[in-house]
Amino acid sequence: MINEFNLDYIYIMDYIPQQSPEHNKLHTFFENLRAGRLTTTRCPSCQRDFWPPRTVCPLCHSNTLEWVDLPSTGTVRGFSIQTSGAAPGLTLPMVFARVQLTDQVGFVARVIRVDPAEMEVGMTVEPVVVSAPRDRVMWAFRPKI
Amino acid sequence: MPRRVALIAGGTTHKWGVYPGTLRDIVSEAAKACFDSNPRVNSRDIQGFIFCSVFPERSAYQSHTAPWAAESAGVAPDRIFCRVENMCGSGTVGIRTAYTAIAAGLADLVMVLGAEKMFIPNRQEIVLNMLTGVDREWEGSTGLTAPVQFALAAQAHMNKYGTTEEHLAMVSSKNHRNASRNPYAQFPKPCTVEEVLASKPVATPFKIFDCSSITDGGAAVILATEELAKDLTDNPVYILGTCQAASGFNHANIPDDWADWVILSQAAQTAYNMAGIKPQDVDVAEVHDCFSASEIIEYEALGFCPQGEGGNFVATGGSDYGGQVVVNPRGGLIGCGHPLGATGVAQAIEIFRQLRNEAGERQVANAKIGLNHNLSGIAEHHVVIYGRQEVL
């Protein structure tokens, strides 16, 4: 016979990033996030901030990057209200937005704690830390209070 | 000089949608359909095999798939074989890979086979599989999947140019109607603009009929040198020009204005130059309508209409039968479904059939030049232009 095997944790079904120093060289990002700081990496010689954070500068290939705090607010450039097809662990409706944080850094992120009907281009949002399975954290945004 | 390359055979699995079998079964049946389409080709003569499939490791628990699929297809390549994976554009990237091998003289006769098994017993895994196609750590981890990415582009186009949800629905209605004439289409039922607008919301501004779907399916083509093509068919369809371009991967790093797909414009212009034609010379086009708005933005980037006028182009019939260029006569991804790795190959098969006057009730009258556009995201595009013998 073949026994049922232990399926308590399947790594390839876990879409949340690994966040510990033994599994991720960018673990500092998640440590900062846990402390309430949304950060990314800057290349001091290129004077460029990148998203997502990097271990090596994509322009000069320096590996001496520094962590910088992103601004405490961002601007919504566009958004969509999703009402079908959420990944396991997420509940609908979900709001996603293009959030611009600096002239160099803007990305697509989830906006939470918002009435979808109140979303609009140009609104101001602020980062928020959300908990994730297996003692991890993730980032999202919410309308600026 | 690179050698000229032609399509000489092509076939799809019979009915796309939920396929009652394994990925291996899809591969075998796509190969059979391809060989059945041209009895003059002996499967023993196939020298190259390019397999296009996005996540067989996840959906079929199988890696090392090029020789695995070759065996399942009944071919024994002895010059080149590999798997290509460029998400939704894999099929066209596979055709470009075969093209480069033949043009360079590495092989004379190459099969390109795209196959995807997306419906799996645990439906929750389908979404997890689709998350692998974006930047999983920094985007997929937030739950971002394809509908929202393209919805953001649609909103940008609507805000910039005044494109409406009705324009989007017109694309969907046209493609569903075309699919009703396509035996392998997953969604062969026509629908009106009003029905599209009233269908279930997915991600604003998209309703379910604006979206392509999860699909099982397979498709295969055979490419040959010009010399061999003339021996093996009376009607070769030649590759006139091709290009591929991408800029950035994470959406933080793609070109800033999502309403205008400048990377596609660049790729298309290079392909037009290589083919020695202009957009107005294209009679029939298969373009990547993963979502209705994509097709509207593509009209503009491919040069079928001026920037910002894509909505008006579909509204005035420019992309329909009798218009400037018939777009997505097979029904597109919206009507046929989107079995990732198979889509680009199936698009090429439609161009092949159209340019050989073999498309039956979908036939575009007197089609001589066809364009195939396949994408893998807002800023990753693949273009191939085909032509009949008489346009060489």
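The values are calculated or read from the model by the stated rules, or taken from the named source; none is laboratory data. Only a predicted model underlies this, so the values are computations on that prediction, with no experimental measurement involved. All Cβ positions, glycine included, derive from the backbone under ideal geometry; neighbour counts span all protein chains shown. Calculation scope for accessible area: heavy atoms of the full protein, side chains included, ligands and nucleic acids excluded. Shrake-Rupley method; radii C 1.70, N 1.55, O 1.52, S 1.80 Å.
If one computes the Cα centroid of segment B:98-147 and of segment B:295-354, what distance in Å separates the two points?
21
For residue B:365, put the label point 7 Å out on the Cα→Cβ axis and report which residues of segment B:313-327 keep their amide N under 12 Å from it.
B:321-323
If we count every other residue with Cβ under 11 angstrom of residue B:115's Cβ, Lys/Arg +1 and Asp/Glu -1, where does the sum land?
Numbers: positive: B:24, B:83, B:117; negative: B:25, B:29, B:116, B:216.
Here the charged neighbours net out to -1.
Taking a virtual spin label 7 Å from the Cα of residue B:253 along the C-beta vector, which residues in segment A:42-74 bring their backbone nitrogen under 15 Å of it?
The answer is A:42-43, A:48-63, whose backbone nitrogens lie closer than 15 Å to the label point.
What order do B:25, B:216 take when sorted by accessible area (1.4 Å probe), most exposed first?
Details: B:25 65, B:216 0 Å².
Per-residue accessible area, sorted high to low, gives B:25, B:216.
For residue B:190, what is the net charge nearby, where nearby means another residue's Cβ is under 12 Å from its Cβ and Lys, Arg count +1, Asp, Glu -1? Could you put the intermediate results ahead of the total?
Values: positive: B:174, B:177, B:181, B:189; negative: B:195.
Within the 12 Å Cβ shell, the charges total +3.
Hey, what's the per residue convex hull volume over the C-alpha atoms of the protein assembly as shown, in cubic angstrom?
So the per-residue hull volume is 160 Å³.
Would any residue of segment B:153-190 have its amide N under 20 Å from a label point 7 Å out along Cα→Cβ of residue A:121? List them or say none.
Output list for this probe position: B:153-169.
On each of the three principal axes of the Cα atoms of chain A, give max minus min coordinate, whole Å, ordered largest first.
The principal-axis extents, from largest down, are 61, 44, 25 Å.
What accessible surface, in Å², does a 1.4 Å probe find on residue B:8, ignoring ligands, DNA and RNA and rounding to the nearest 10?
0
Just to verify a number: FRET efficiency for residue A:75 and residue B:122, C-beta to C-beta distance, R0 = 56 Å, to 0.05? List each step's numbers first, then the result.
On the way: r = 39 Å, r/R0 = 0.70.
Given R0 = 56 Å and the Cβ-Cβ separation, E is 0.90.
Compute the signed sum of charges (Lys and Arg +1, Asp and Glu -1) over the other residues within less than 12 Å, Cβ to Cβ, of residue A:67. Write out the running numbers ahead of the final one.
On the way: positive: A:37, A:42, A:54; negative: A:31, A:49, A:66, A:69.
That sum, taken over residues with Cβ under 12 Å, equals -1.
Can you figure out the FRET efficiency of residue B:78 with residue A:135, using R₀ = 60 Å and their beta-carbon distance, to the nearest 0.05? Kindly include the intermediate steps, with their values, before the conclusion.
On the way: r = 53 Å, r/R0 = 0.88.
The calculated FRET efficiency here is 0.70.
Of A:109, A:86, A:132, which is the most mobile in a GNM of chain A whose springs link Cα atoms less than 10 angstrom apart?
A:86
Could you tell me the calculated FRET efficiency between residue A:13 and residue B:234, based on Cβ-Cβ distance and R0 = 45 angstrom, to the nearest 0.05? Before the final figure, lay out the partial values.
Details: r = 51 Å, r/R0 = 1.14.
Calculated value: 0.30.
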